[in-house]
Amino acid sequence: MTIYNFDEIIDRKRTDSIKWSKKHLKEKFNEENSIPMWIADMDFKAAQPIIDALISRAEHGIYGYGHKSEEFLESAVNWQKKRNGWDIEKEWILFTPGIIPALNFIVKTFCNKGDKVIIQSPVYYPFLNIITSNECHIANNPLIYDKGEYTINFAELERIAKDSRTKLMFLCSPHNPVGRVWTEAELKQLGEICIKNNVLIVSDEIHSDLIFHPNHHTPFGKISEEFRMNSIVCTSPSKTFNLAGLQVSNIIIPNERIRNELNHKLTTIDIDPGSFASVAQIAAYNEGEEWLEQLLTYLAENLDFIDRFVKERMPKVKLIKPEATYLAWLDFSNLGLSDLELQQLMQKKAKVALDDGFIFGAGGELFQRINFACPRSLLQQALESIEKSLNGIA
Ligand SMILES: Cc1ncc(COP(=O)(O)O)c(C=O)c1O
């Protein structure tokens, strides 16, 4: 058994990391030396089998065109079976170099100009840009936030879904940034509303391997035959195994007609996994579980650390404890600040680079999102800086 050391500080400044780039920190957060706790990747080394497989592939020395090999597809099929008990077939999988490209192509394929796509804000903000940059409209069904808990507004969803211009729903499952793992009952109710109104469900399950006990992820397509035939499930090893820079994702579409339509659009740019993407996914899905289990334990401890810290040292701030993801959602609304004042406080006084809640759409105001996939010492440093910046305010 390999024991991984997630406490190890690894300097990412000399790599091409966007999270740690001085230029980005300066442009986005006004301070090139701020502690980067924003974009969703991890400051941890990948699982050893992935590193070994990539080194071995690099040493081969020939880096020509790749393809979706049987082994690549089988690794995704076996992963769904192993982690979620979902039986999928190799033929159902389309490759894209990330979920964002997939969502873009999905809108281009299934919407006409002026059509509407449902989202539930506050939500992963590129959803908003993808819809509007494809000349479609956002049909927002804001999540209900009550006593620190988030739920779906089903009555409003039904009203929005009934509009004949509503063609798609982008479901974030689990939900970034509020950290909800939707229960099977919630997904059923949501799916029934969409299917009844001919709204195709696009379930973005990129965070679905990062679930905290005792929560349990339900793949949308696993719920029933009807749900399987009316959905597109977007999956990827990139968040789970910290492979975002290798650009690999698996778009699962059991319905042949829907799959062919999307595939037809995708073939216009002729994409196949690059050699490193393939090798990394195969190693991750086939040999990465030992690392993942240790990662989940470490992340859960980091989350407990934040929970204790916030309760004891920043009692006016409220942590919305995520059921999944390594992103925590902090409610600063009790401080009496405006969004701009809160932003300035984090950027100029705390010098911690967090994502402003308002970028996630309506309902995100006066929140900040913190990425806690980093060594605990760095997390502690960031929280202490935030605590100090609140001196005299909270
Ligand atoms: C919900 C969600 N979808 C998609 C992505 C990005 O996916 P990709 O890097 O595969 O384009 C992220 C990254 O944070 C995310 O949180």
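From F170, F105, which residue is within 16 Å of the ligand (Cβ to nearest atom), of a type in the set (F, W, Y) and more than 20 Å from H207 (Cβ to Cβ)?
Matching residue, one of F170, F105: F105.
Select, from V233, V178, the only residue that is within 15 Å of the ligand (Cβ to nearest atom), assigned to a loop (DSSP other than H, G, I, E, B) and buried (at least 24 other Cβ atoms within 10 Å of the Cβ).
Details: V233 fails: assigned to a loop (DSSP other than H, G, I, E, B).
Only one candidate qualifies: V178.
Among the residues of region 236-261, count how many are in contact (Cβ under 8 Å) with a residue 12 or more places away in the chain and either within 16 Å of the ligand (Cβ to nearest atom) or more than 16 Å from V202 (Cβ to Cβ) (or both).
Residues that pass the stated criteria total 17.
All but one of (1) over 24 Å from Y4 (Cα atoms); (2) within 20 Å of the chain's Cα centre (by Cα); (3) not acidic (D, E) hold for F241; which doesn't?
(1) is the only condition that F241 fails.
Give me the pairs, please: first residue somewhere in region 194-207 and under 11 Å from M169 (Cβ atoms) and at pLDDT 95 or above, second residue anywhere and open to solvent by 10 Å² or more (accessible area, probe 1.4 Å) and within 15 Å of the ligand (Cβ to nearest atom), beta-carbon distance under 8 Å, and either six or more positions apart or on two chains.
From residues that are under 11 Å from M169 (Cβ atoms) and at pLDDT 95 or above, the pairs are D204/I99; D204/Y124.
What tally of residues in region 108-138 results from selecting those that are part of a helix (DSSP H, G or I) and either more than 16 Å from the ligand (Cβ to nearest atom) or buried (at least 20 other Cβ atoms within 10 Å of the Cβ) (or both)?
Keep residues of region 108-138 that are part of a helix (DSSP H, G or I), which gives 108-110, 126-133.
With either more than 16 Å from the ligand (Cβ to nearest atom) or buried (at least 20 other Cβ atoms within 10 Å of the Cβ) (or both) added as a condition, the list becomes 109-110, 127, 130-132.
The qualifying residues number 6.
From the residues in region 87-102 that are away from the ligand (no atom under 12 Å from the Cβ) and surrounded by fewer than 18 Cβ atoms within 10 Å (Cβ to Cβ), which one is nearest to K222 (Cα to Cα)?
Ranking the candidates gives D87 first.
Within region 188-210, how many residues turn out to be touching a Ser or Thr at 6+ places or on another chain (Cβ under 6 Å) and away from the ligand (no atom under 11 Å from the Cβ)?
3
Does P214 meet the test of being assigned by TED's automatic domain parsing to the domain that holds I144 and near the ligand (Cβ under 10 Å from one of its atoms)?
No: the conditions fail for P214.
As an exercise: evaluate N141 against (1) surrounded by fewer than 17 Cβ atoms within 10 Å (Cβ to Cβ); (2) without any contact (Cβ under 8 Å) to a residue 24 or more places away in the chain; (3) within 21 Å of the chain's Cα centre (by Cα) and give the number of the one condition it does not meet.
(1)
Report the residue count in region 242-277 for those that are farther than 24 Å from I39 by Cα and in contact with a His (Cβ under 9 Å, 6 or more places away or on another chain).
2
If V279 satisfies every condition in (1) surrounded by fewer than 20 Cβ atoms within 10 Å (Cβ to Cβ); (2) part of a helix (DSSP H, G or I); (3) more than 16 Å from the ligand (Cβ to nearest atom) but one, which is the exception?
(1)
The values are calculated or read from the model by the stated rules, or taken from the named source; none is laboratory data. Remember, predicted model here, so these are calculated numbers, not experimental data. Note: ideal-geometry Cβ built from the backbone for every residue, glycine included; neighbour counts use all protein chains shown. Note: areas computed on protein heavy atoms with side chains; ligands, DNA, RNA excluded. Shrake-Rupley method; radii C 1.70, N 1.55, O 1.52, S 1.80 Å.
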